[in-house]
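Note sheet for the following structure.
The values are calculated or read from the model by the stated rules, or taken from the named source; none is laboratory data. These numbers were taken from a predicted model, which means no experiment stands behind them. A quick note on method: Cβ atoms are made from the backbone with ideal geometry, for glycine too, and the neighbour counts reach across all protein chains shown. Please note that ligands, DNA and RNA were not included when accessible areas were found on the heavy atoms of the full protein model with its side chains. Shrake-Rupley method; radii C 1.70, N 1.55, O 1.52, S 1.80 Å.
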Amino acid sequence: MQFAGRRFSPSLFAVILTVATVTGFVRLGLWQLDRAAEKRELAATFERGAEHTVQLTPATLARLPLYQQIEARGRYDGGRQVLLDNMPSLGGSSGRPGYHVWTLLHLERGGAVLVNRGWVPMTDSRERPPTVAVDDKPRAVVGRLAYLPEPGLRLSATVPRGRWPEVMYYPTSKELSRLFGEPVPARIVLLDPHAPNGYERVWQMRTTDFGPERHIGYAVQWFALALAVVVVFIVVNLKKAPLAP
């Protein structure tokens, strides 16, 4: 191909490499746009959940939507609690290592559900967990209903230490059921920030991590890289045509 005194003659390898690279960058950009849409929907779901409060019972637990605001009546099992390990604060103590405090709530009508009572900082020794005591008097717990969190990569099952509070890293519903010796559902209540007997709670930030704007910014970067690869491909392979004899 020749125009304006220059010849465009890329090798087959250069064409294949460029097409593969540009395709990869464009796909990554589109994936980031999808993530932005997911974050917008997640934020909308979080807002819709606060429109009304639903009474939580064993019958409604499994079918209530994500982030539905609920009220659950029961008693805390303060003698057997779980500290979710390696949880950084997202609130006023941002960046500090600590735990999320999970307390089993035995419901009035039978069954139980975990309540995330918030974040507490780590002490100066892992052998000395923070004090997270709570009494077992009857109470009404208000919060948002969520699923048990999962890690980005689960390498192995959590091995209990054998003493309370139990320090664990993203335990599953089955692991928690074995630990407590009773069924523990894969749902968890995020204790309302204004409710008593809780710690640092920034649930909206925790559920969205960061907003859709950052994903859009990442998408723009990937698309810009794709465009840059195309420009470089053209410039490198556009050479001066030899003069005619």
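For Val15 and Asp136, the FRET efficiency from 1/(1 + (r/R0)^6), where r spans their Cβ atoms and R0 equals 51 Å, is about 0.10.
For the stretch 72-229, would you read off the P(r) tail past 23 Å as a percentage of all alpha carbon pairs? Of all Cα-Cα distances in the stretch 72-229, 42 percent exceed 23 Å. For Leu148, enumerate residues with amide H under 5 Å from its amide H, sequence gap 5+ or separate chain, H modeled in the peptide plane. Residues meeting the criterion, in which the H sits 1.01 Å from N, are Arg187, Ile188.
Shown in residue order for the stretch 136-147 are the 3J(HN,Hα) couplings computed by the Karplus curve 6.51 cos²θ - 1.76 cosθ + 1.60 at θ = phi - 60°: 9, 6, x, 8, 10, 9, 10, x, 9, 8, 9, 9 Hz (x for Gly and Pro). For the peptides 13-21, 193-201, the ranking by packing is 193-201, 13-21, with the highest mean count of neighbouring Cβ atoms within 10 Å listed first.
Accessible surface area normalised per residue over the chain is 57 Å², counting heavy atoms of protein chains with a 1.4 Å rolling probe. Debye-formula intensities of the stretch 10-78, expressed as log10 I(q)/I(0) at q = 0.22, 0.27, 0.29 Å⁻¹, are -0.95, -1.10, -1.15 (one equal scatterer per alpha-carbon, no solvent).
Within the accessible surface of the chain, defined with a 1.4 Å probe on protein heavy atoms only, the carbon and sulfur portion equals 60 percent. Distance between the 7 Å Cα→Cβ label points at Arg154 and Val236: 4.3 nm. The Kirkwood radius of the stretch 11-165, taken over pairs of alpha-carbon atoms, gives through the Stokes-Einstein law at 37 °C and 0.692 mPa s a diffusion coefficient of 171 µm² s⁻¹. Here the contact order of the chain, divided by its residue count and restricted to Cα pairs under 8 Å and six or more residues apart, works out to 29 percent. The long axis of helix 12-49 is offset from the longest Cα principal axis of the chain by roughly 30 degrees. By how many degrees, between 0 and 90 and to the nearest 10, does the Cα long axis of helix 212-237 differ from the longest principal axis of the chain? Tilt relative to the chain: about 20 degrees. Around the amide H of Tyr199, modelled in the peptide plane, lie the amide H atoms of Gly118, Trp119, all under 5 Å away and 5 or more residues distant in sequence or on another chain.
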